[in-house]
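The values are calculated or read from the model by the stated rules, or taken from the named source; none is laboratory data. Just so it is clear, the model here is predicted, and its values are computed rather than measured. We place every Cβ from the backbone using ideal geometry, glycine too, and count neighbours over all the protein chains shown. Protein only, heavy atoms only, side chains kept; ligands, DNA and RNA dropped before computing areas. Shrake-Rupley method; radii C 1.70, N 1.55, O 1.52, S 1.80 Å.
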Amino acid sequence: MSAKILRLVSILTAVLALSSPAFASGASEAVNNFAFNAGKVIMSNTKGDFFFSPYSIISAFGMAYAGTSGDTAREIESSLGLTKDIHASLGDLMTGLDSGGYVSSANRVWLKSGLCLKKTYTDTLSLCYNSEAYELDIKGMTEESRREINDWVSLKTNGKINGLLSELDPETRMIITNAVYFNAKWQSKFKKSATRKQKFYNAEGSKVVDMMCQRDDFQYCEVDGVKVIMLPYEGYRLSMIAVLPPKGKPEVLKKVDAETFSEWLDNMEEYEVDLRLPKFKTEKKYEMKKIFETLGVREAFTNEADFSGMTDDEPLKADSVIHQTFIDVDEERTEAAASTAIGMVGATSVPMRKLFAEFHADRPFMYFIRDNETGTILFMGYQAFME
């Protein structure tokens, strides 16, 4: 079988993966639904660029959810679509992604000295999240504890996420952390000699950017003026999906949901594409508490929170959800990282045919880094070259 045919089979298998029932449930479905629901909230409250990792956030929140009971658990289930099966599903997803060589992720729970966790909870952390519980003298050595957590995050993200915790409340009982790092080369690399200065048009006018250019075969579709292209990384398991709205209509991206995204993937065909994609680097930091509250997760942040599945020592509530991200896209590769920290305090505290298309990303566009095998959206962003 020729290399060309092998490549086509690999791409088609990846495109069809999301429609498989096995991949339309569990962790992948939860992560993807959160991606679009949270993305809409972020976009409505952000003037320009955004970039976040729904995979990192759901991984961290899954560890928090593992310790919930009662109304708190039911609220998370109804708002985020999580079930008790999510823990094993996330564990399988993490194992599969890490085995591919391009994605690495890590989880860790940090405890104040002396806090005793229930065995059922630590078993779930160990078996499903490959996470250990690590004690720190948070009250007595607050600054040292903050630095140790930040150093761990920096190590697990290859130095791309630094200073995740800008401060640490000495009354913090527990911090749940996830870190994810992605580094992969394009399957079809851009030649540096072809990169040129070009105008990128946004709501503020225009800005000159370094525009990467190439002409090659890619999976592509156009629906109602929206252009969608799949840019595979080496090995074809992971891809960037870039979505370009019609000129003058960036607002259509606010309507994108999981169903629409799936339909785009189902409609893709191989085209020869004249591709122009800007080089960009983005670093973002978010406090996600209000986003979770907007999505319906509220009790977990109040004194009525029920995290009794974690410990009998004292009642706990979630106090903050901090999320920090990094992405760097150039001619050769994409490098991305993210980390999420959930602070817990006392609840009493406060087809094969050659077609042609143009994909010129010279205006704001949305993009996703996706695991083709499971359909999971690892990262999601919007690039407008605006702060």
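Suppose we filter the range 146-169 for residues that are at negative phi and either in a loop (DSSP other than H, G, I, E, B) or in contact with a strand residue (DSSP E or B) (Cβ under 7 Å, 6 or more places away or on another chain) (or both); how many remain?
First, pick out the residues of the range 146-169 that are at negative phi: 146-157, 160-162, 164-169.
The next check asks that each one be either in a loop (DSSP other than H, G, I, E, B) or in contact with a strand residue (DSSP E or B) (Cβ under 7 Å, 6 or more places away or on another chain) (or both); those that pass are 148-149, 152-153, 156-157, 160-162, 164-169.
Looking only at that region, the number is 15.
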Residues (part of a strand (DSSP E or B) and small (Gly, Ala, Ser)) located in the range 102-144: Ser104, Ser105, Ala106, Ala133
All positions within the range 170-186 that are assigned to a loop (DSSP other than H, G, I, E, B) and buried (at least 18 other Cβ atoms within 10 Å of the Cβ): Thr172, Arg173
Close pairs from the range 215-233: first over 12 Å from Asn267 (Cβ atoms), partner part of a strand (DSSP E or B) and open to solvent by 40 Å² or more (accessible area, probe 1.4 Å), Cβ under 6 Å, at least 6 apart: Asp217/Glu272
Residue match in the range 175-188 (condition: of a type in the set (D, E, K, R) and over 30 Å from Thr142 (Cβ atoms)): yes
Test: residue in the range 290-297 that is open to solvent by 40 Å² or more (accessible area, probe 1.4 Å) and more than 18 Å from Ile57 (Cβ to Cβ): no
